[in-house]
1. Identify the single condition in (1) in a loop (DSSP other than H, G, I, E, B); (2) of a type in the set (Ser, Thr, Tyr); (3) modelled with pLDDT of 50 or more that residue 56 does not satisfy, given that it satisfies every other one.
2. In the list 99, 107, 54, which residue meets the criterion of being in contact with an Asp or Glu (Cβ under 9 Å, 6 or more places away or on another chain) and without any contact (Cβ under 8 Å) to a residue 60 or more places away in the chain?
3. Among the residues of region 289-317, what is the count of those that are under 16 Å from residue 347 (Cβ atoms) and within 24 Å of the chain's Cα centre (by Cα)?
4. Would a scan of region 314-337 turn up a residue that is of a type outside the set (D, E, K, R), surrounded by 15 or more Cβ atoms within 10 Å (Cβ to Cβ) and part of a loop (DSSP other than H, G, I, E, B)?
5. So, in region 231-282, of the ones that are in contact with an Asp or Glu (Cβ under 9 Å, 6 or more places away or on another chain) and under 29 Å from residue 396 (Cα atoms), which residue ends up modelled with the lowest pLDDT?
6. Residue 313 - would you say it is free of Cβ contacts under 8 Å to residues at least 24 places away in the same chain, within 30 Å of residue 191 (Cβ to Cβ) and in contact with a helix residue (DSSP H, G or I) (Cβ under 7 Å, 6 or more places away or on another chain)?
7. Is it true that residue 227 is part of a helix (DSSP H, G or I), under 22 Å from the mean Cα position of the chain (by Cα) and buried (at least 17 other Cβ atoms within 10 Å of the Cβ)?
8. Go through 346, 365 for me and flag whichever is more than 30 Å from residue 407 (Cβ to Cβ) and of a type in the set (Gly, Ala, Ser).
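The values are calculated or read from the model by the stated rules, or taken from the named source; none is laboratory data. These numbers were taken from a predicted model, which means no experiment stands behind them. Please note: Cβ atoms are built from the backbone with ideal geometry, for glycine as well, and neighbour counts cover all protein chains shown.
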Amino acid sequence: MNSVGNLRHPNEETASLSTELSHMGNLNHFHMPHHLTTRDGPGEHNMDFLRRLIGTTASALDNPAIPWKSLIITFALGEYALETYLSYRQYQVLQRKHIPAQLKQEIDQKTFDKSQAYGRSKFWFGLVSGAWNQAKSLAVIRYNVYPALWAVTGTWMLQYAPGFLQGEITRSLVFAFSYSFVETALGLPFSYYYHFYLEERYGFNKQTLKLWLTDLVKSQALSLAFGIPLGAAFLAIVQRTGDTFFLYLWFFALAVQLGAITLYPLVIVPLFNKLTPLEPGLLKERVEALAQKLAFPLAELRVIDGSKRSAHSNAYFTGLPWKKTIVLYDTLIAKSSVPEVEAILAHELGHWKMGHTTKLLGISAGHLFFVFGLFSVFIKNGSLYEAFGFGKERPIIIGFILFNEVLSPTNAVVKLAMNIWTRSMEFQAGRSSSLLLVLHLDWRYTG
């Protein structure tokens, strides 16, 4: 099962929408004051100190002697080497031929061998696709693709866009979606191979080529529908809110995040999957009893037709704090007994009971504040723009992209810390569910 319940994405095609905002932004028409007046009140005093700190740090980092491009390439290669090494360590585990003692009572040798082979196939796929993505990213940096595409989009705007659209925001959106569409197109062969060869080989793929293409079109349409207004709002906030833009961006991002959590199951999921009420029966009774035991605010029990794409199974919960929906994949119900489904849900609801979802949202909010605050340090970093082939023109969106390249080492550290923390959450939820299910044993489940 995935990590924490209502933060997961049940469909990989639409999961990319949640990252659309991260491709928008940077700050250009922003002027850092050299002299700041201290105002009365602790809040203004703190803001004044923060402005001075940002200004001092920004000045120190805007240094032509800093080899920004070389540093970013070095960081990227280092991170790639570390992740490849960790994947190889896992590959060594996947080469084992004997079932671990703890699992001998749970699976047979045939199932174990298939699982190991599937894991090895995914390793090789990840190795090749990862090498391709790394080479592609390095080529974009090495050969100044960003300024070249920015110049091309400028030409397009002059030739085809009406006068009222001749602005940085519109051009930035054209740039972002042009780059995104090229990225998507270059990734299609890997996506096709993964679904129709790798997953098909092990009996997991259930989707047709038509469904795969339909999902692709829907995802791109949704990217435009949500990405254009959100990206425009992001850029407008940066342009118009002065030296405290990072605070406004932070509040905006939090609102978008909460809105996405609320709207995703209501608007996005039905576009890709059919959800139906769970039929009355023993499973429904046991799930409702489990929710009642935990005081979980269950409003609906739904079944999602995951089988039309994959034989993999899943379960998750979503919704508002006072009104939750539990969603079970039809593949999970088909392959699992009632006690097994109940055990899986007990684990997922254990995350809710222990407040893991709220904690993750809090960590996410803190990380966003850190990112936007640090971005304000790089907003007018001329040496960074120049290192990547930009002269006096410093578009907001390019700055944010370059800033994220610089930020990649800290992102790797954050990702490692989050992996460690979420793994501990999994163990906590597992212990919680095991204790909970002991209380639910009855004669119908044991013989």
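1. For residue 56, the failing item is (1).
2. Numbers: 107 fails: in contact with an Asp or Glu (Cβ under 9 Å, 6 or more places away or on another chain); 54 fails: without any contact (Cβ under 8 Å) to a residue 60 or more places away in the chain.
One residue alone meets the criteria, 99.
3. Result for region 289-317: 5.
4. Initial filter on region 314-337 (of a type outside the set (D, E, K, R)): 314-322, 325-329, 331-334, 336-337.
Then keep just the ones that are surrounded by 15 or more Cβ atoms within 10 Å (Cβ to Cβ); that gives 314-319, 325-329, 331-333, 336.
Applying the additional criterion that residues be part of a loop (DSSP other than H, G, I, E, B) yields 314, 336.
Looking for residues that are of a type outside the set (D, E, K, R), surrounded by 15 or more Cβ atoms within 10 Å (Cβ to Cβ) and part of a loop (DSSP other than H, G, I, E, B), one finds at least one in region 314-337, hence yes.
5. Going residue by residue through region 231-282, those that are in contact with an Asp or Glu (Cβ under 9 Å, 6 or more places away or on another chain) are 231, 235, 239, 272-278.
Now drop any that are not under 29 Å from residue 396 (Cα atoms), which leaves 231, 235, 239.
Numbers: 231: 97, 235: 97, 239: 94.
Result: 239.
6. Values: free of Cβ contacts under 8 Å to residues at least 24 places away in the same chain: yes; within 30 Å of residue 191 (Cβ to Cβ): yes; in contact with a helix residue (DSSP H, G or I) (Cβ under 7 Å, 6 or more places away or on another chain): yes.
Yes.
7. Numbers: part of a helix (DSSP H, G or I): yes; under 22 Å from the mean Cα position of the chain (by Cα): yes; buried (at least 17 other Cβ atoms within 10 Å of the Cβ): yes.
So residue 227 passes the test.
8. Numbers: 365 fails: more than 30 Å from residue 407 (Cβ to Cβ).
Unique residue meeting the criteria: 346.
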